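Chemist: Dropping the structure in here first, questions after.
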Amino acid sequence: MTTKDPIPTSAARIPERTTADHEVVVVGLGPVGGVAAGLLAREGLRVLAVEPLHEPYDKPRALGIDHEALRTLQALGLGAALEDCLGPYRTSEYRSADGQVLRRIRPQPEPHPLSWPPYNTFIQPELESRIRASLAQWPNLEVRYGWKCVGITQDADGASVDLVRVDGGERHRTRCRYVVACDGASSPVRETAGLALEDLDFDEPWIVVDLLVNERAALPEVTIQYCDPARPATYVEGPRNLRRWELMLLPGEDPAVMQAPAQIWKLLSPWITPDQGEIWRSATYRFHALVCRQWRGGRVFLAGDAAHQTPPFMAQGMNQGIRDAANLCWKLADVLRDRAAPGLLDTYERERRPNVHAVIALTKRLGQIICERDPARAAARDARLLAEMRAGTGDIVRQDLLPPLDDGFLMRDARGRLLPGVGRVFPQPMVECDGGVARMDDALGARWLLVGTSAWRPGTNARRLASRLDVVLACVDGDRDDDGDDDGDARASGIKIVAETSGLIRDWLAAHDVHAALVRPDHIVFGTAAGPGAQERLLAALADAR
């Protein structure tokens, strides 16, 4: 790995209280930083996480969380803790000024491919509190609330991170191998590191209003994108009685004036009146489309809003940040534990940046549909989208819009092409477990997972290689005799049984015409294979790639 120029410290002279107790320092403990800290600690690394705020921000900001993010939170032991704080994310309808449905984006049907509902709403302070509480389970994770990072200096052996207590001025310097910056859109770490943002040319002023409604409110039961050139707007039903409106500010409107309660109720008058709810939060934003040109500066990595900012029209900002953490943290662990060469860390940016860039570009296109204010162009847009609805192409499954990974630590054929299914998220069905059912990840406890069809039984060499590579071997539950002989034979071969209840994995393997899939710790498919010896070839490919 090439060590880039040191990042200069912005702090005043700091006493030389230098420690080397941490392998990774995480800066910022919002949802993305909290997930990163937890994942790194789960890998057994010595981690320090620093956050200026003692308590999570007490108002909702992000509102949508998808099944990939929930699966990552599940890995931190948060599955049961999340069940009661989620609400359904309704089908989204794009409606013209006269109420016609121009486009419909709906959730994936059951059986849910990751066992979680594909899209959900949540209340961010509740989620952040649960993530923070979960960090206490890791004795190798030190969390310092009320501290901020004021400088980072790098050398060939690691990084020195300068910290200041925000309420007392106490200073401290700690040594680590790597830094993960999850310190938000303004990211002082990114600025200090000189990592520039690429502007994807979307900059629109909006006001966001969260209401707690009462039983007198009669509101739509779908998410609506109001494609009205007079004032584009969005309506989302949140968990319990939370409802959100996002409304574009028009030229000449003062953001401060528009946040006055009387003005807010005037804006919301087409839908609701003051006796039907109370304002919980209002805030004005400029919706940006930005992605950092470099996600790494030597030993410093950016994640979440520090690396990218996306408009809210696909509710993907926080979700993409959690994907960043899931992608990066297992790679840091593999390098720090000498399970992989340092070059593996370069695949973080190679994988995540183009993927996020594509998601932001998609979101920008959707935003441009919604934000059109020219009446003539809006009429042409309506005619085009209505024609697509009549042709059957305007009704879309939300998850089908999100691209897979297409570069990085992924298996390719002899011609350099990705193998079938590679770069995609592998299913997580509900499985039979101890007389009940559980999510597959909880039942198997796998880091790397090799799943094959029911006929496969690994030989001695395959079992040894899998053990060396930390790969759990599994097969899909097949047709069994009533006495369960097939299960006993499989377990005697050192292979776990995936007794799925829905056929998701069998269908996935069949759809890609493969007999086995090797899945990374972030649930992304590393490789697939078909035919005799498929599983053994995948294990050999992983050994060679490391």
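Chemist: Return yes or no: is ARG130 over 21 Å from GLU23 (Cβ atoms), in contact with a Leu (Cβ under 8 Å, 6 or more places away or on another chain) and either open to solvent by 10 Å² or more (accessible area, probe 1.4 Å) or not acidic (Asp, Glu) (or both)?
Modeler: yes
Chemist: Need at least 3 residues that are closer than 23 Å to ALA185 by Cβ and either out of contact with any strand residue (DSSP E or B) (no Cβ under 8 Å at 6 or more places or on another chain) or among the charged types (D, E, K, R) (or both) per element, so show me which helices (runs of 4 or more DSSP H) inside the stretch 31-135 make the cut, counting only ones lying wholly within it.
Modeler: The helices (runs of 4 or more DSSP H) meeting that bar are 31-42, 67-75, 124-134.
Chemist: Pick out, from the stretch 154-209, the strands (runs of 3 or more DSSP E) lying fully within it that include 1 or more residues that are among the acidic types (Asp, Glu) and more than 30 Å from ILE279 (Cα to Cα).
Modeler: 159-165
Chemist: Something else: Scanning the stretch 441-480 for residues that are touching a helix residue (DSSP H, G or I) at 6+ places or on another chain (Cβ under 9 Å) and among the charged types (D, E, K, R), which turns out farthest from GLY527 (Cα to Cα)?
Modeler: ARG480
Chemist: For TRP265, state whether it is of a type outside the set (Asp, Glu), in contact with a Pro (Cβ under 8 Å, 6 or more places away or on another chain) and modelled with pLDDT of 95 or more.
Modeler: Here the answer is yes, as TRP265 does meet what is asked.
Chemist: When residues of the stretch 46-73 are filtered for being more than 22 Å from PHE426 (Cβ to Cβ), in contact with a Lys or Arg (Cβ under 8 Å, 6 or more places away or on another chain) and open to solvent by less than 10 Å² (accessible area, probe 1.4 Å), how many remain?
Modeler: 4
Chemist: Hey, among ARG352, ARG381, ARG377, which residue is farther than 20 Å from GLN309 by Cβ, crowded, with 16+ Cβ neighbours inside 10 Å and among the charged types (D, E, K, R)?
Modeler: ARG381
Chemist: Residues of the stretch 97-121 being small (Gly, Ala, Ser) and crowded, with 21+ Cβ neighbours inside 10 Å, which ones?
Modeler: Within the stretch 97-121, SER115 is the sole residue that qualifies.
Chemist: Here's something else I'd like to know. Looking at the stretch 223-269, which of its residues are without any contact (Cβ under 8 Å) to a residue 12 or more places away in the chain and part of a strand (DSSP E or B)?
Modeler: none
Chemist: Then there is this: What residue, among those in the stretch 392-431 that are within 19 Å of SER92 (Cβ to Cβ) and small (Gly, Ala, Ser), is farthest from the chain's Cα centre (by Cα)?
Modeler: For the stretch 392-431, the residue satisfying everything is GLY392.
Chemist: Checking ASP66 against (1) in contact with a Phe, Trp or Tyr (Cβ under 8 Å, 6 or more places away or on another chain); (2) under 30 Å from ARG175 (Cβ atoms): exactly one of these is not met. Which one?
Modeler: Failed condition: (2).
Chemist: I've got another one for you. Restricted to the stretch 281-305, and to residues that are under 18 Å from ALA233 (Cβ atoms) and of a type in the set (Phe, Trp, Tyr), which residue is surrounded by the most Cβ atoms within 10 Å (Cβ to Cβ)?
Modeler: If we take residues in the stretch 281-305 being under 18 Å from ALA233 (Cβ atoms) and of a type in the set (Phe, Trp, Tyr), then PHE287 is surrounded by the most Cβ atoms within 10 Å (Cβ to Cβ).
Chemist: Do you know which of the residues in the stretch 535-546 that are out of contact with any helix residue (DSSP H, G or I) (no Cβ under 9 Å at 6 or more places or on another chain) and surrounded by 15 or more Cβ atoms within 10 Å (Cβ to Cβ) is nearest to LEU450 (Cα to Cα)?
Modeler: Here the answer is LEU538.
Chemist: To continue, here is another question. Any chance you could count how many residues in the stretch 437-459 are modelled with pLDDT under 95 and closer than 14 Å to ALA540 by Cα?
Modeler: Residues that pass the stated criteria total 2.
Chemist: I would also like to ask the following. In this structure, is GLY252 on the phi > 0 side of the Ramachandran plot, of a type outside the set (S, T, N, Q), touching an Asp or Glu at 6+ places or on another chain (Cβ under 7 Å) and modelled with pLDDT of 95 or more?
Modeler: So GLY252 does not fit the description; no.
Chemist: I want to confirm something. Restricting to the stretch 504-534 and keeping residues that are part of a helix (DSSP H, G or I) and open to solvent by 10 Å² or more (accessible area, probe 1.4 Å), which single residue is farthest from ARG417 (Cα to Cα)?
Modeler: Result: LEU504.
The values are calculated or read from the model by the stated rules, or taken from the named source; none is laboratory data. Just so it is clear, the structure is predicted and the values come from calculations on it, not from any experiment. Positions of Cβ are backbone-derived with ideal geometry, glycine not excepted, and every protein chain shown enters the neighbour counts. Calculation scope for accessible area: heavy atoms of the full protein, side chains included, ligands and nucleic acids excluded. Shrake-Rupley method; radii C 1.70, N 1.55, O 1.52, S 1.80 Å.
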